[in-house]
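In what follows, a structure is listed as structure tokens, so that the remarks can point back to it.
The values are calculated or read from the model by the stated rules, or taken from the named source; none is laboratory data. Since the structure is predicted, the reported quantities are computational estimates derived from the model, not experimental observations. No Cβ is skipped: glycine too gets one built from the backbone with ideal geometry, and neighbour counts run over all protein chains shown. For the accessible areas, the whole protein counts, side chains as well, though only heavy atoms, and no ligand, DNA or RNA atoms are used. Shrake-Rupley method; radii C 1.70, N 1.55, O 1.52, S 1.80 Å.
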Amino acid sequence: MDSRLLNVYIRLIYITTGNSTLTLHTIEYPDSSGMACQVNQHSVTLPTYNNSTCPTYINYYLGPVVGSVCDSLSVGLNEPSGTIDLSVSIHPNPAKDQFYLGYSLPGNKDGWLDITDAGGRVIIHRRLYWSNKSLLLYTTELNSGCYFVKVTSDLGATQMKCLMVLK
């Protein structure tokens, strides 16, 4: 085999989609920037439908590499400093036996969950991990009433929600 052709195949990146398809896309020169990388859609025809047989999902939660010249995470972000949306949600609310807490902890940093009663007494204190996006909680430790659900990231951001428990 021609060494120039071998070099192209070594550098070629194959891309699939998240749904069932009969083709793959390629990036012929991934080391080149912009249009020079030559992205070709539908360039490889498969003999059968391809449904998630190749890894396609980029891990966007890896966070920045401090000091790296390739850190593109901070480019183009217009979010004011000091405001971090933790996307806290509770479903169902009011809850009876269980509920889901949804959250998003930024910057590869973990956080904490505190559920307090109306008097400020902490009923549940639990570690939250950045790689998870939801947590199933049971109301066995909670009586009927109103509770404050506070999610705090290790970066210092806090978001609170009210939870109603009906038993």
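For a quick protection proxy, order the peptides 95-107, 121-133 by their average other-Cβ count within 10 Å, most packed first. Write out the running numbers ahead of the final one.
Numbers: 95-107: 16.9, 121-133: 12.4.
Packing order, densest peptide first, comes out as 95-107, 121-133.
Nothing charged except the Cβ atoms of Lys and Arg (+1) and of Asp and Glu (-1): what's the magnitude of the dipole of segment 101-141 about its Cα centre? Round to the nearest 20 debye.
Details: 5 positive and 4 negative charges, 32 e Å.
Computed about the Cα centre, the dipole is about 160 debye.
How much of the accessible area of segment 111-155, in percent, comes from carbon and sulfur atoms when a 1.4 Å probe is used?
Details: 1240 of 2460 Å².
Here carbon and sulfur together make up 50 percent of the probe-accessible area.
Where in segment 137-160 does the amide nitrogen come within less than 18 Å of the point 7 Å from the Cα of residue 96, taken along Cα to Cβ? What the label zone holds, given the 18 Å backbone N cut-off, is 137-146.
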